[in-house]
């Protein structure tokens, strides 16, 4: 992965956290989250958004609700995700600008 791609994906993951943050403790629908990203100038494919959410889930930054077919339905930012956004925690791979 090029440095530009890595920066682009990092910024996309951070933007996901920024979108989820004001909705805490409520979940945000996957489709709505994708539309919000596009409205903020971060249009991503369904697959890319899924990869961002799984990455964030693996690091404890979001909780994901899936259907029986393992498709992502909703995401909720966790306390750790909020702490990362606020600069209280540093997590490798999620660089807040």
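Please treat every number below as a calculation from the coordinates, not as lab data. Here the structure is a predicted model, which is why all the values come from computation and not from measurement. Note: ideal-geometry Cβ built from the backbone for every residue, glycine included; neighbour counts use all protein chains shown.
In segment 4-11 there is at least one residue that is crowded, with 16+ Cβ neighbours inside 10 Å, at negative phi and touching a strand residue (DSSP E or B) at 6+ places or on another chain (Cβ under 8 Å). Residues in segment 7-27 that are more than 13 Å from residue 52 (Cβ to Cβ) and part of a helix (DSSP H, G or I): 7, 21, 22, 23.
Entry remark, segment 75-88: residues being in contact (Cβ under 8 Å) with a residue 24 or more places away in the chain and either surrounded by fewer than 16 Cβ atoms within 10 Å (Cβ to Cβ) or in a loop (DSSP other than H, G, I, E, B) (or both) number 0 in total.
Going by what's in this entry, would residue 97 be described as surrounded by fewer than 12 Cβ atoms within 10 Å (Cβ to Cβ) and touching a residue at least 60 places away in the same chain (Cβ under 8 Å)? Answer is yes for this residue.
One residue stands out among those in segment 31-72 that are assigned to a strand (DSSP E or B) and in contact with a helix residue (DSSP H, G or I) (Cβ under 8 Å, 6 or more places away or on another chain): the one that is nearest to residue 21 (Cα to Cα), which is 62.
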